[in-house]
Amino acid sequence: HYVEATGVAYRDQQQFGDLQQAMHEQSLYNYRLVPEARAALAYLEATGEIGNAATIALYDLGSSGLTITVIDRASGEVLLAERTTDISGSDFDRLICDNQLAKQGVDPYTAYDRDDHGLGEFTTRCRIAKEQLSTSGAVCLPGESGVILISRESFEALVTVPIEYSARLVRDVLTRSPQYVDALFLIGGGARIPLVESILRSWTGLPVVTPADPEAVAAKGAALLATPVDLVAAHAGAPAPVAAEGGGA
C-alpha cells in the first residue's frame, strides 16, 4: 500500500537535526517530525485515556534516560520539561547483569573490562529478563554464558532506589509547574515495570496512568499527526515540515 505520510517523533532539537539529516541522506522526504510530547498528547486524546485532565505530566523512561514533561492540554504547550540520564532502562539492565554475574562468582567490573564472558549475549538476556518480570514473578533464562535466574522481588530490590530518585525528580517538577497537574502518564519501555507506577502513585498522590504499549505512545501519536508533505518543495531542499510546533519531551 502507498504510504501517504509518515510521522516521526523527536525528543529535542539535537535529535530533530539528526533525524532530518539521516532522512535527507536516504532521500526520504514524505515525513513529518513531531515533538514527542505533542505526539504523546495526541495519542492520549485519541484513546480517551486523558479523561478530563486539563494539565498532564508525562514520565517517559526509556533505555537512554528519563524525561518529565508538563503539558497544557488545551494549547498543547510544554510548560516545563526536565531530562536526566541518571536513571534509564539500560541502567536497570546493568543492575541485573551485575547481580547475576556476582551470583556466578564473576567480578562485574573485571567482566566489563575484559568482555570475556560472552557479556554482550548475557546483557541481552538480562534485558529480556527485565521485560519478562513485568508480567512474571520469576524468570529463568539459560544460555551459553550462564543461567539468569531472578525473581521480581529481587529485581525490585535492585531498582527501588533509582525509581525513588526519579519520583523525587517528578515531585520537584510538579512543584515548579506553573499549573496544577491533574494526572501523570507513564510512557516508554520503563513504564512496564509495575514498581514504577506503584512508587509514583505513592510519592505524588496523583492519578497515575500507564497506557497499553507505553513504549509506542509517541510513535503512534506521531502517526496520528502525520500529514502529506509538499514533495516538490522537499526535493528542492526545503526542510521537512513539522506537524506541530513546540518543544519535545
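The values are calculated or read from the model by the stated rules, or taken from the named source; none is laboratory data. Predicted, not measured: the structure shown is a model, and the values here were computed from it. Cβ placement follows ideal geometry from the backbone for every residue including glycine, while neighbour counts extend to all protein chains displayed. Calculation scope for accessible area: heavy atoms of the full protein, side chains included, ligands and nucleic acids excluded. Shrake-Rupley method; radii C 1.70, N 1.55, O 1.52, S 1.80 Å.
Give me the extension gain from SER151 to GLN26: residue separation times 0.36 nm, minus the current Cα-Cα distance, reported in nm with one decimal. Don't skip to the answer; put the middle values down first.
Working: separation 125, 0.36 × 125 = 45.00 nm, distance 4.44 nm.
Taking SER151 through GLN26 to full extension adds about 40.6 nm, to one decimal.
Normalised by the number of residues in the chain, what is the relative contact order in percent for Cα pairs under 8 Å and 6+ residues apart?
Numbers: 440 pairs, mean separation 84.0, N = 249.
Reported relative contact order: 34 percent.
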Relative contact order (%) - criterion: Cα under 8 Å, at least six apart; region: region 1-137: 14 percent
Whether the chain is rounded, prolate or oblate, judged on the alpha carbon gyration tensor where a/c under 1.5 counts as rounded: oblate
THR85 paired with SER136, simple spin-label distance in nm, labels 7 Å along Cα-to-beta-carbon: 3.2 nm
Degrees, to the nearest 10: 89-103 long Cα axis against longest axis of the chain: 10 degrees
Carbon plus sulfur fraction of accessible area for the chain, probe 1.4 Å, in percent: 52 percent
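Could you provide, to the nearest whole Å², the per residue accessible area of region 7-71 with probe 1.4 Å? Can you show the working numbers first?
Working: 2510 Å² over 65 residues.
Per residue, region 7-71 has 39 Å² of solvent-accessible surface.
Sum -39500 (n - 2.57) across every DSSP H segment of at least 4 residues in the chain, then divide by the residue count to get the 222 nm mean residue ellipticity, nearest 500. All intermediate terms of the calculation are to be shown ahead of the outcome.
Working: 9 runs with 111 residues, N = 249.
The helix contribution divided over the chain gives -14000 deg cm²/dmol.
Can you give me the relative contact order of region 147-235 as a percent, contacts being Cα pairs under 8 Å and 6 or more apart? The partial results should precede the final answer.
Values: 62 pairs, mean separation 23.7, N = 89.
Averaging sequence separation for qualifying contacts and normalising by length gives 27 percent for region 147-235.
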Percent of beta bridges antiparallel (DSSP, the chain, rounded to nearest 5): 55 percent
Nearest-20 debye value, region 61-161 charge dipole, Cβ charges on Lys, Arg, Asp, Glu: 260 debye
The chain: angle of helix 152-176 to the longest principal axis, Cα-based, in degrees nearest 10: 40 degrees
Loop GluC sites (Glu not before Pro), region 97-194, which have at most 12 other Cβ atoms in a 10 Å radius of their Cβ (DSSP): GLU144
Fraction of beta bridges assigned by DSSP in region 1-110 that are antiparallel (%, nearest 5): 70 percent
Summed side-chain charge close to GLY146 - residues other than GLY146 whose Cβ falls under 12 Å, Lys, Arg +1, Asp, Glu -1: 0
C-alpha long axis of helix 36-47 to longest principal axis of the chain, angle in °: 90 degrees
Which of LYS103, LYS220, LYS130 is most accessible, then next, and so on - probe 1.4 Å: LYS103, LYS220, LYS130
